[in-house]
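Everything below concerns the one structure shown next.
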Amino acid sequence: MDRGIWITWYDLPDAGRDAYLSWLHQVYMPWLLQRPGYLWAAHYASIEKGDVRKHTDDPSVPAGTRYLLLVGAEHAHVFGTPGPSRLTAELPPEGRQLIGLRQGERMNLMAEVTRIEGPRSALYDSSRGLGPCIQLGSFNCAWQHEEEMLAWYAQARMPAMATTPGGGIRIRKLASIAGWAKHAILYEFESVAARNEYFAAHQHLPDMKPWLDWVGQWLVHAPGSSSLAQRLWPPVAV
(Lines give C-alpha, C1' and ligand atoms only; values in the text may rest on other atoms or scores of the structure.)
Protein backbone atom coordinates (compact mmCIF):
# COMPACT_ATOMS: atom_id res chain seq x y z
CA MET A 1 0.00 0.00 0.00
CA ASP A 2 1.09 3.55 -0.70
CA ARG A 3 0.89 5.04 2.79
CA GLY A 4 3.48 7.80 2.34
CA ILE A 5 3.14 10.79 0.00
CA TRP A 6 5.74 13.44 -0.81
CA ILE A 7 4.06 16.59 -2.15
CA THR A 8 5.78 19.56 -3.80
CA TRP A 9 4.00 22.72 -4.95
CA TYR A 10 5.80 25.25 -7.14
CA ASP A 11 5.69 27.71 -10.04
CA LEU A 12 7.89 27.93 -13.15
CA PRO A 13 9.11 30.87 -15.24
CA ASP A 14 8.36 30.93 -18.96
CA ALA A 15 12.06 30.70 -19.83
CA GLY A 16 13.21 27.09 -19.53
CA ARG A 17 9.77 25.65 -18.75
CA ASP A 18 9.61 23.26 -21.70
CA ALA A 19 13.10 21.92 -21.03
CA TYR A 20 12.26 21.44 -17.38
CA LEU A 21 9.01 19.58 -18.06
CA SER A 22 10.67 17.31 -20.62
CA TRP A 23 13.46 16.44 -18.17
CA LEU A 24 11.06 15.99 -15.25
CA HIS A 25 8.81 13.54 -17.10
CA GLN A 26 11.43 11.64 -19.07
CA VAL A 27 14.36 11.56 -16.65
CA TYR A 28 13.66 12.67 -13.09
CA MET A 29 10.39 10.91 -12.34
CA PRO A 30 11.48 7.56 -13.85
CA TRP A 31 14.69 7.92 -11.80
CA LEU A 32 12.69 8.38 -8.60
CA LEU A 33 10.69 5.25 -9.34
CA GLN A 34 13.86 3.17 -9.28
CA ARG A 35 14.38 3.94 -5.60
CA PRO A 36 13.46 1.26 -3.02
CA GLY A 37 10.01 1.77 -1.54
CA TYR A 38 8.89 4.33 -4.13
CA LEU A 39 5.66 3.12 -5.77
CA TRP A 40 4.39 5.86 -8.10
CA ALA A 41 4.95 9.44 -9.15
CA ALA A 42 2.47 11.89 -10.68
CA HIS A 43 2.79 15.46 -11.93
CA TYR A 44 -0.17 17.86 -12.13
CA ALA A 45 -0.99 21.34 -13.37
CA SER A 46 -3.42 23.37 -11.28
CA ILE A 47 -6.44 24.67 -13.14
CA GLU A 48 -8.19 26.39 -10.25
CA LYS A 49 -7.18 27.87 -6.91
CA GLY A 50 -9.13 27.04 -3.81
CA ASP A 51 -12.20 28.96 -2.76
CA VAL A 52 -11.65 28.41 0.96
CA ARG A 53 -12.10 31.43 3.15
CA LYS A 54 -8.78 31.75 4.95
CA HIS A 55 -5.22 31.35 3.65
CA THR A 56 -2.03 31.93 5.60
CA ASP A 57 -0.54 35.41 5.47
CA ASP A 58 2.81 34.19 6.80
CA PRO A 59 5.41 35.53 4.31
CA SER A 60 7.82 32.71 5.21
CA VAL A 61 5.51 30.10 3.62
CA PRO A 62 6.48 29.60 -0.06
CA ALA A 63 3.54 30.45 -2.30
CA GLY A 64 3.95 28.25 -5.40
CA THR A 65 0.65 26.90 -6.71
CA ARG A 66 0.89 26.18 -10.46
CA TYR A 67 2.38 22.65 -10.40
CA LEU A 68 2.04 19.75 -7.99
CA LEU A 69 4.47 16.83 -7.93
CA LEU A 70 3.36 13.87 -5.81
CA VAL A 71 5.32 10.70 -5.07
CA GLY A 72 3.86 7.66 -3.32
CA ALA A 73 5.83 5.27 -1.14
CA GLU A 74 5.20 2.24 1.04
CA HIS A 75 5.31 4.50 4.11
CA ALA A 76 6.44 8.03 4.94
CA HIS A 77 9.81 7.06 6.41
CA VAL A 78 10.91 5.94 2.94
CA PHE A 79 11.36 9.67 2.26
CA GLY A 80 13.97 9.88 4.99
CA THR A 81 16.40 7.41 3.41
CA PRO A 82 17.61 9.83 2.16
CA GLY A 83 15.50 12.98 2.39
CA PRO A 84 14.39 15.04 -0.62
CA SER A 85 17.18 17.61 -0.17
CA ARG A 86 19.81 14.88 -0.28
CA LEU A 87 18.21 13.39 -3.38
CA THR A 88 18.43 16.74 -5.14
CA ALA A 89 22.09 17.08 -4.14
CA GLU A 90 22.79 13.70 -5.77
CA LEU A 91 21.51 14.85 -9.17
CA PRO A 92 23.97 15.67 -11.95
CA PRO A 93 24.55 19.41 -12.60
CA GLU A 94 21.91 19.61 -15.34
CA GLY A 95 19.26 18.18 -13.03
CA ARG A 96 20.15 20.53 -10.16
CA GLN A 97 20.05 23.45 -12.58
CA LEU A 98 16.59 22.51 -13.86
CA ILE A 99 15.16 21.96 -10.38
CA GLY A 100 16.58 25.38 -9.56
CA LEU A 101 14.02 26.87 -11.94
CA ARG A 102 11.24 26.15 -9.47
CA GLN A 103 9.80 29.24 -7.82
CA GLY A 104 7.90 29.41 -4.54
CA GLU A 105 8.67 25.74 -3.87
CA ARG A 106 6.83 24.28 -0.87
CA MET A 107 6.99 20.68 0.34
CA ASN A 108 5.18 18.34 2.71
CA LEU A 109 5.98 14.76 3.60
CA MET A 110 2.70 13.10 4.55
CA ALA A 111 1.53 9.86 6.15
CA GLU A 112 -1.85 8.50 5.16
CA VAL A 113 -4.22 8.35 8.10
CA THR A 114 -7.04 6.56 6.29
CA ARG A 115 -8.84 6.34 2.94
CA ILE A 116 -12.34 5.73 1.62
CA GLU A 117 -12.89 4.20 -1.80
CA GLY A 118 -15.35 5.91 -4.11
CA PRO A 119 -17.90 4.54 -6.59
CA ARG A 120 -15.34 4.41 -9.42
CA SER A 121 -12.50 2.85 -7.45
CA ALA A 122 -13.07 -0.70 -8.70
CA LEU A 123 -12.95 0.52 -12.31
CA TYR A 124 -9.74 2.52 -11.99
CA ASP A 125 -6.32 0.97 -12.66
CA SER A 126 -4.49 2.04 -9.49
CA SER A 127 -1.17 0.79 -10.88
CA ARG A 128 -1.06 4.17 -12.67
CA GLY A 129 -0.93 5.97 -9.35
CA LEU A 130 -3.22 8.87 -8.55
CA GLY A 131 -6.29 9.63 -10.61
CA PRO A 132 -6.39 11.90 -13.68
CA CYS A 133 -7.84 14.74 -11.58
CA ILE A 134 -7.11 15.56 -7.95
CA GLN A 135 -8.27 18.10 -5.41
CA LEU A 136 -5.74 18.65 -2.65
CA GLY A 137 -6.30 20.81 0.40
CA SER A 138 -3.45 21.46 2.85
CA PHE A 139 -4.06 23.38 6.06
CA ASN A 140 -3.52 23.90 9.75
CA CYS A 141 -6.07 23.89 12.53
CA ALA A 142 -5.86 25.25 16.07
CA TRP A 143 -5.14 22.27 18.28
CA GLN A 144 -8.17 23.04 20.43
CA HIS A 145 -10.41 22.18 17.45
CA GLU A 146 -8.58 19.22 15.93
CA GLU A 147 -10.70 16.61 17.70
CA GLU A 148 -13.86 18.18 16.27
CA MET A 149 -12.28 18.26 12.81
CA LEU A 150 -11.29 14.59 13.12
CA ALA A 151 -14.82 13.59 14.10
CA TRP A 152 -16.35 15.42 11.16
CA TYR A 153 -13.97 13.89 8.60
CA ALA A 154 -14.51 10.43 10.11
CA GLN A 155 -18.29 10.67 10.42
CA ALA A 156 -19.36 12.80 7.45
CA ARG A 157 -16.93 14.15 4.90
CA MET A 158 -15.00 10.98 4.11
CA PRO A 159 -17.89 8.46 4.20
CA ALA A 160 -19.72 10.68 1.70
CA MET A 161 -17.17 9.70 -0.97
CA ALA A 162 -18.50 6.15 -1.00
CA THR A 163 -22.10 7.18 -1.59
CA THR A 164 -22.10 10.49 -3.50
CA PRO A 165 -22.77 9.93 -7.22
CA GLY A 166 -20.09 10.82 -9.76
CA GLY A 167 -16.62 9.84 -10.82
CA GLY A 168 -15.01 9.72 -7.39
CA ILE A 169 -12.12 7.24 -7.11
CA ARG A 170 -11.11 7.76 -3.46
CA ILE A 171 -10.40 10.23 -0.69
CA ARG A 172 -7.39 10.16 1.64
CA LYS A 173 -6.77 12.01 4.91
CA LEU A 174 -3.09 12.82 5.38
CA ALA A 175 -1.04 13.98 8.36
CA SER A 176 2.31 15.70 8.00
CA ILE A 177 5.69 14.60 9.29
CA ALA A 178 7.51 17.50 7.59
CA GLY A 179 6.33 20.78 6.07
CA TRP A 180 4.16 23.78 6.93
CA ALA A 181 0.73 22.17 6.66
CA LYS A 182 -0.13 19.73 9.43
CA HIS A 183 -3.15 18.25 7.62
CA ALA A 184 -4.17 17.47 4.05
CA ILE A 185 -7.18 15.99 2.29
CA LEU A 186 -6.66 14.40 -1.12
CA TYR A 187 -9.50 13.54 -3.51
CA GLU A 188 -9.04 11.52 -6.72
CA PHE A 189 -11.45 11.75 -9.64
CA GLU A 190 -11.75 10.36 -13.17
CA SER A 191 -11.87 13.87 -14.64
CA VAL A 192 -12.50 17.52 -13.83
CA ALA A 193 -16.10 17.07 -15.00
CA ALA A 194 -16.47 14.14 -12.57
CA ARG A 195 -15.11 16.27 -9.76
CA ASN A 196 -17.55 19.07 -10.53
CA GLU A 197 -20.45 16.61 -10.60
CA TYR A 198 -19.36 15.15 -7.26
CA PHE A 199 -19.07 18.46 -5.43
CA ALA A 200 -22.34 19.77 -6.83
CA ALA A 201 -24.05 16.88 -5.07
CA HIS A 202 -21.73 16.64 -2.07
CA GLN A 203 -21.86 20.25 -0.92
CA HIS A 204 -25.66 20.17 -0.76
CA LEU A 205 -25.84 17.28 1.68
CA PRO A 206 -27.64 18.35 4.88
CA ASP A 207 -24.60 18.10 7.17
CA MET A 208 -22.21 20.03 4.91
CA LYS A 209 -23.36 23.65 5.34
CA PRO A 210 -22.60 23.95 9.08
CA TRP A 211 -19.17 22.45 8.49
CA LEU A 212 -18.34 24.90 5.69
CA ASP A 213 -19.00 27.73 8.14
CA TRP A 214 -16.76 25.99 10.68
CA VAL A 215 -13.97 25.63 8.10
CA GLY A 216 -14.05 29.35 7.42
CA GLN A 217 -13.48 30.05 11.10
CA TRP A 218 -10.86 27.51 12.15
CA LEU A 219 -8.83 26.23 9.19
CA VAL A 220 -5.89 28.18 7.74
CA HIS A 221 -4.93 26.89 4.29
CA ALA A 222 -1.62 26.95 2.46
CA PRO A 223 -1.31 29.35 -0.51
CA GLY A 224 -3.61 28.26 -3.34
CA SER A 225 -5.26 25.50 -1.30
CA SER A 226 -7.29 23.64 -2.14
CA SER A 227 -5.79 22.91 -5.56
CA LEU A 228 -7.84 21.42 -8.37
CA ALA A 229 -5.39 19.88 -10.84
CA GLN A 230 -5.15 17.70 -13.94
CA ARG A 231 -2.44 15.08 -14.41
CA LEU A 232 0.37 15.83 -16.86
CA TRP A 233 2.41 12.67 -16.21
CA PRO A 234 1.78 9.81 -16.56
CA PRO A 235 -0.25 10.99 -19.56
CA VAL A 236 -3.99 10.60 -19.21
CA ALA A 237 -5.35 8.14 -21.77
CA VAL A 238 -7.76 9.80 -24.19
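The values are calculated or read from the model by the stated rules, or taken from the named source; none is laboratory data. Keep in mind it's a predicted model, so treat the numbers as computed, not measured. Cβ placement follows ideal geometry from the backbone for every residue including glycine, while neighbour counts extend to all protein chains displayed. Protein only, heavy atoms only, side chains kept; ligands, DNA and RNA dropped before computing areas. Shrake-Rupley method; radii C 1.70, N 1.55, O 1.52, S 1.80 Å.
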Sequence order, the range 140-153: Karplus ³J(HN,Hα) from phi using 6.51 cos²θ - 1.76 cosθ + 1.60, θ = phi - 60°, Hz rounded, Gly and Pro as x, gives 10, 9, 3, 4, 5, 10, 5, 5, 5, 4, 4, 4, 5, 4
Comparing 145, 77, 43 in a Gaussian network model of the chain (Cα, 10 Å), the one with the largest mean-square fluctuation is 145
Note, the range 220-227: 3J(HN,Hα) by Karplus (6.51, -1.76, 1.60, θ = phi - 60°), whole Hz, Gly/Pro = x, goes 10, 8, 5, x, x, 6, 8, 8
Summing -39500 (n - 2.57) over every DSSP H run of at least 4 in the chain, dividing by its residue total and rounding to the nearest 500, the 222 nm mean residue ellipticity is -6500 deg cm²/dmol
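Based on the alpha-carbon set only, what is the convex hull volume of the chain divided per residue, in Å³? Write down the numbers at each step before the final one.
Working: hull volume 29.9 nm³, N = 238.
Value for the chain: 126 Å³ per residue.
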At q = 0.15, 0.17, 0.20 Å⁻¹, the log10 of I(q)/I(0) for the range 84-202 from a Debye sum over equal Cα scatterers comes to -0.80, -0.94, -1.11
For the range 142-238 the translational diffusion coefficient, Stokes-Einstein from a Kirkwood Rh over Cα pairs at 4 °C and viscosity 1.567 mPa s, in µm²/s, is roughly 87 µm²/s
If unit charges are put on Cβ atoms (+1 for Lys and Arg, -1 for Asp and Glu) and the dipole of the chain is taken about its Cα centre, the option from 78, 223, 10 lying farthest towards the positive end turns out to be 78
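Roughly how many percent of the accessible protein surface of the chain is carbon and sulfur, given a 1.4 Å probe and a whole-percent answer? Can you show the working numbers first?
On the way: 6090 of 11000 Å².
Looking at the chain in its full context, I get 55 percent from C and S.
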Sorted largest first, the Cα spans of the range 3-52 on the principal axes come out in Å as 35, 31, 12
In units of 2.2 N^0.38 Å, the Cα radius of gyration of the range 1-114 is 1.10
Most fluctuating of 159, 93, 223 in the GNM of the chain (C-alpha, under 10 Å) is 93
Both in Å, the radius of gyration and Dmax of the C-alpha trace of the range 71-142 are 16.0, 45
Between residue 55 and residues 5 or more places away or on another chain, the pairs with built amide H atoms under 5 Å apart involve 221
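Suppose every K and R has +1 on its Cβ and every D and E has -1 on its Cβ; what is the size of the dipole of the chain about the Cα centre, in Debye to the nearest 20?
Details: 22 positive and 23 negative charges, 38 e Å.
Dipole of the chain, to the nearest 20 debye: 180 debye.
Output the direction-averaged projected area (hull surface divided by four) of the convex hull of the alpha-carbon atoms of the range 25-92, in nm².
For the Cα atoms of the range 25-92, the hull's average projected area reads 6.5 nm².
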Scoring only Lys, Arg, Asp and Glu (+1, +1, -1, -1) among other residues with Cβ under 11 Å from the Cβ of residue 11 yields +2
For the chain, the longest principal axis of the Cα atoms and the Cα long axis of helix 192-202 enclose an angle in degrees, to the nearest 10, of 30 degrees
